[in-house]
1. Could you check B:L496 against (1) under 21 Å from B:N184 (Cα atoms); (2) in contact with a helix residue (DSSP H, G or I) (Cβ under 6 Å, 6 or more places away or on another chain) and say which number it fails?
2. Condition test on B:A141, is it more than 14 Å from every other protein chain (Cβ to nearest Cβ), in contact with a Ser or Thr (Cβ under 7 Å, 6 or more places away or on another chain) and not in a loop (DSSP other than H, G, I, E, B)?
3. Taking region B:186-215, which residues are within 14 Å of chain A (Cβ to nearest Cβ), surrounded by fewer than 18 Cβ atoms within 10 Å (Cβ to Cβ) and in a loop (DSSP other than H, G, I, E, B)?
4. Within region B:299-318, how many residues turn out to be within 9 Å of another protein chain (Cβ to nearest Cβ) and either assigned to a loop (DSSP other than H, G, I, E, B) or surrounded by fewer than 23 Cβ atoms within 10 Å (Cβ to Cβ) (or both)?
5. Quick check on my filter: what residues within region A:191-206 are surrounded by fewer than 16 Cβ atoms within 10 Å (Cβ to Cβ) and facing another protein chain (nearest Cβ under 7 Å)?
6. Can you name every residue in region B:385-411 that is outside any loop (DSSP other than H, G, I, E, B) and either of a type in the set (D, E) or under 17 Å from B:D226 (Cα atoms) (or both)?
7. Which is at pLDDT 95 or above, assigned by TED's automatic domain parsing to the domain that holds B:A420, over 19 Å from the mean Cα position of the chain (by Cα) and more than 27 Å from B:S108 (Cβ to Cβ), of B:V321, B:V241, B:V289?
8. Please state which of the following conditions B:S372 fails to meet, knowing it meets all the rest: (1) free of Cβ contacts under 8 Å to residues at least 12 places away in the same chain; (2) closer than 30 Å to B:A87 by Cα; (3) of a type in the set (G, A, S).
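The values are calculated or read from the model by the stated rules, or taken from the named source; none is laboratory data. For clarity, every value in this text was computed on a predicted model and none was experimentally measured. Glycine also receives a Cβ, built like all others from the backbone with ideal geometry; neighbour counts cover every protein chain displayed.
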Amino acid sequence: MSDAVDLKRRRLLQLVALAPFAWQARRWVVRPPDAFAQTLPDDPTIVPTLEAFADTLIPGEKRSSDDRAIAGAAAGPGAVQAGALDLMNFPPVGVAPALPGFAAGLNAHAVQYAATNGIALDPTVPPFVALAFGDRTALLVEILDGSGPDELAYFALAALAFLAYHTAGHLPLVDAVRSGHPGLAAIGFPQPQADGLWHYSDFSYRRALATRHPETSKRGNPP
Amino acid sequence: MSETADVVVIGTGFGGSIPGYYLAAGGARVVMLERGPRLAAEDFAQTFEIGVYTRIVDYIRGTGVDVTAGNCVGGSSVIYFAASLRAPTFVFERMGTLGRRLWPAAISRQTLDPWYRRVEKILPVAQQRWKDVAYAGGVWAAACNRAGHTCNPVPVAVDLKRCTNCNFMVHGCRFDAKRSMLLNYIPAAEACGAEIRPLHEVQAIRPADTPGYRYAVDYLQLDPTDYRVAVGGGTIDARLVIVAAGAMGTPVILQRSATYLGAMPSAVGRYFSPNGDHVTTAVLDEAKVRDLLGLERAPGVGYDAHHIGRPIGTMTYDPLVASAPEFSRFSLQQIYFPPIVNILLDDRVDGPPSWFGVDKRTVTSRWRSWLSVLAMTEDANEGVFGTPPPTGNFVRLSPAASLGQLTFDRAPQTQSGFDAADALTRSIVERDGLARHHLWAAPPNGSAPPNVQSAHPLASCRIGDDPDTSACDDRHELRGHPGIFVTDASAVPTSLCVNPSLTIAALAERASAFLLLRAAEYGVNVATSVRLPGRTASSRASRCEHPA
């Protein structure tokens, strides 16, 4: 057998050996949708529906007297003002392409909820937005109770509202805190030091506050 | 021809870095494949911006359990909270629900103590004095004391002089105060020629193509900006393979490899333990912190300091009673989590919703008065991995969230441990109205309890003496597949009642001694005795059989 034929045969055997790993090659050429260039669709239904969803989770005050998305169930800014939709649409989060589906799902649930409970919906706003705050809450308790097929996805969306409010997940933290991000301010997240970092020289009561376990080992471990 | 190496190490956390060092120092050609990126102190940012910390922290949603794990060179040692404790003596005698000892007969606290000592020396581990304990740990100690319990400062793998008490440990330490693998075993391994390749996600192990080599390790190279995207791939033939991809990764790689290597031991992907982790949160009454505990951190301010310090300060060992029945023993540890987790807490108001709405907002407005307590209990190893995903260790839904194939159908024994821990925690923090005790209510699970939240995944390919209930023998070699070793958290047989990092590392130290011997038997030209890693560049090089 010549070297060339031997080489071909060996190459063929190698290819056969690699056949079970065809899925690897497929991974290289089939890329998931590019999640880094998304913008929220210009749809008058989607934005207020998602705002109403976020506002039901972390309620806040209305932005104006004619604000329908925010129910105004609590004083001070809520998840919407804290940037819930900014985070939902934040490219690294990667869920922007799913937002129209989420909004449509919420509105479908709202229509069903209204029919079940004999509620007449205002046709000038999306169905979820047309629900009163108590009904929005009752509906989200149903949707987010963990037993439905959509629960995982809706819980992930809910988590974004929480992360927007409690962590400003779409912003550099130092910028968010210094500019008075409403959620971070509401939970009392501290300002950084002058150098833009968080660090503390006073951090301890500096005194013994309990008796150690009598059988603690020399290196501080349990027996 | 495939690329070759004497040893391929899959993963660079505690379980990968330690054997990686010993084998490289012994003279083996070592390649270490890490699915995450390589970052250093200057890259670790104090921010909650998605896309920054999520580069190195994976949050994996399972059924009945959610797991947080590291995803970078250094693995979970980069994101851990550095509590470094030896497991109590009784843990090694546990029988679980099987009615016989779960740990190998060769391993007890006494026999593991010398290996613990080595890790404590190399990390190194520091003893916190009371003046080192941050406010939250102080409040927990004082509350325990007032309730008649002891409470200890926790040993930590932290350079206390460097630590700035910033409480951003989960982001990686930008001050290099936390003693991760990046500061000891990894540079020591590299000094002896080990090659570390970040963003290399191992998919499967199969028989090698190259004569003289046992196994081929197939990997994909990942896009650093989106780990869902592969940008290349390859294969390395190795004489030995060390699987240390973490308890969420190792079983998945081995399950997938069964297609090529033949059946895996039945314990691969079974007996997962979340270390019995169970977190609850007290919302303190600031006035009572002053009046009942006599604490004041500034004039008129009792606490108001949830955000200050290191995440773990103090814990009580009182419920770690060796003679008590199994599943009733646990420790209670003060712990801090960043506001990323605020969604999880319940509002303690009757009726739904329990974790969102107006009442929840009121609870979170008192965030600076929160005091979280981690119970580490004895669970029943009830976690089971399902069918592996097409690639990787779990399905990355987005760069920030993943879906695992892990199911944790909570056993009554595990629940009883959680209930006992809750009862004791509540009795301590609610004594005379010091605080209100809140459970973690999310994510909801229909009529089942909310998912267990664990940052300590263990036991999914555990060591043991019984082939039916352990994937590896007592020297960490995978049953039926000579030359494949599991040296990470998945090898730990049971929950530990303390934070597991030191035990994982001690087991990896112990396993390394056997690995050197086994490597020599399998034809690797390697010294069978290697000294501990040095602390300086020159001392590290002096350990190497063949300096890089």
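1. So the condition that B:L496 fails would be (1).
2. Numbers: more than 14 Å from every other protein chain (Cβ to nearest Cβ): no; in contact with a Ser or Thr (Cβ under 7 Å, 6 or more places away or on another chain): yes; not in a loop (DSSP other than H, G, I, E, B): yes.
No.
3. Those that are within 14 Å of chain A (Cβ to nearest Cβ), surrounded by fewer than 18 Cβ atoms within 10 Å (Cβ to Cβ) and in a loop (DSSP other than H, G, I, E, B): B:D209, B:T210, B:P211.
4. Of the residues in that region, 8 qualify.
5. A:L197, A:R206
6. Kept after step one, since they are outside any loop (DSSP other than H, G, I, E, B), are these residues of region B:385-411: B:385, B:395-398, B:401-408.
Residues satisfying the conditions are B:V395, B:R396, B:L397, B:S398, B:A401, B:S402, B:L403.
7. On the way: B:V321 fails: more than 27 Å from B:S108 (Cβ to Cβ); B:V241 fails: assigned by TED's automatic domain parsing to the domain that holds B:A420.
Step by step, each of B:V321, B:V241, B:V289 is checked, and only B:V289 is at pLDDT 95 or above, assigned by TED's automatic domain parsing to the domain that holds B:A420, over 19 Å from the mean Cα position of the chain (by Cα) and more than 27 Å from B:S108 (Cβ to Cβ).
8. Looking at each condition in turn, B:S372 falls short on (1).
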